[in-house]
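Here is the structure we will look at.
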Amino acid sequence: MGFFKKSPSLESNGLSASKNKDAQRCLKQLQEAIDLTNSTNKADIFFGRLNYSLDICLYMQEFEKYGIYQSPTPSETYKEIIANIETNVDNFLKRSLAKELESLSNVKSENARVKKLVKYFVDVDMAFEKSNKCWGGNGLFPRYEGALFTDNNLQTLKNLKNEYLGI
């Protein structure tokens, strides 16, 4: 998801050396956060990195006026993440549950499998509950304060719990 047309140079983009370095650091952090959001099976990490991706996009918008980004710009990436929150959360639920079910094949007793699955759903429930209460920021940088999941995501989670735990 390379945003930079090229490595910015001070002559062409008007950024100071420190702003240039900051813009490059942010780009790297955004890519790492997106990669982790798309690969993790841990709910707290998923929601934390999703929230951070939105925060860093908001911050990176400060640099758009210098024309250093190609499409997608941080603004476009932000809008895309927001537009796809429901799909991304559903994909996470499918991915993480599949991984959990795969790990259950190594558990010998039915009682232990049920306990492990209950723990998975408790952890996911807690992450959903805490997801909209992530780090509040320091007041110096823009902060995403919207929801990180939809009512449909909650229904999907409820359906999965009912299917696998009968609750």
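Side notes on the structure shown:
- Per-atom-type breakdown for the chain gives carbon and sulfur 52% of the accessible area (1.4 Å probe, protein chains only).
- For the chain, accessible area per residue (1.4 Å probe, heavy atoms of protein chains only), Å²: 58 Å²
- Once the Kirkwood radius over Cα pairs is known for segment 49-110, the Stokes-Einstein relation at 37 °C and 0.692 mPa s delivers a diffusion coefficient of 233 µm²/s.
- Average 1/r across all pairs of distinct alpha carbons in segment 21-143, invert it, and you get the Kirkwood radius: 16.1 Å.
- Considering segment 108-167, its Cα convex hull presents a mean projected area of 5.4 nm².
- Restricting segment 39-123 to trypsin sites (Lys or Arg not before Pro) that sit in a DSSP loop and have at most 14 other Cβ atoms within 10 Å of their own Cβ leaves 108.
- Among the listed pairs 21/79; 108/161; 133/161; 94/158, those beyond 20 Å (Cα-Cα): 21/79; 108/161; 133/161
- Based on DSSP H segments of at least four residues, each scored -39500 (n - 2.57), the chain has a per-residue ellipticity at 222 nm of -22000 deg cm²/dmol.
The values are calculated or read from the model by the stated rules, or taken from the named source; none is laboratory data. From a predicted model like this one, the values you see are computed outputs, not experimental measurements. FYI the Cβ positions are ideal-geometry reconstructions off the backbone, even for glycines, and counts take in every protein chain you see. When the accessible area is computed, the model is the full protein with side chains, heavy atoms only, and any ligands, DNA or RNA have been set aside. Shrake-Rupley method; radii C 1.70, N 1.55, O 1.52, S 1.80 Å.
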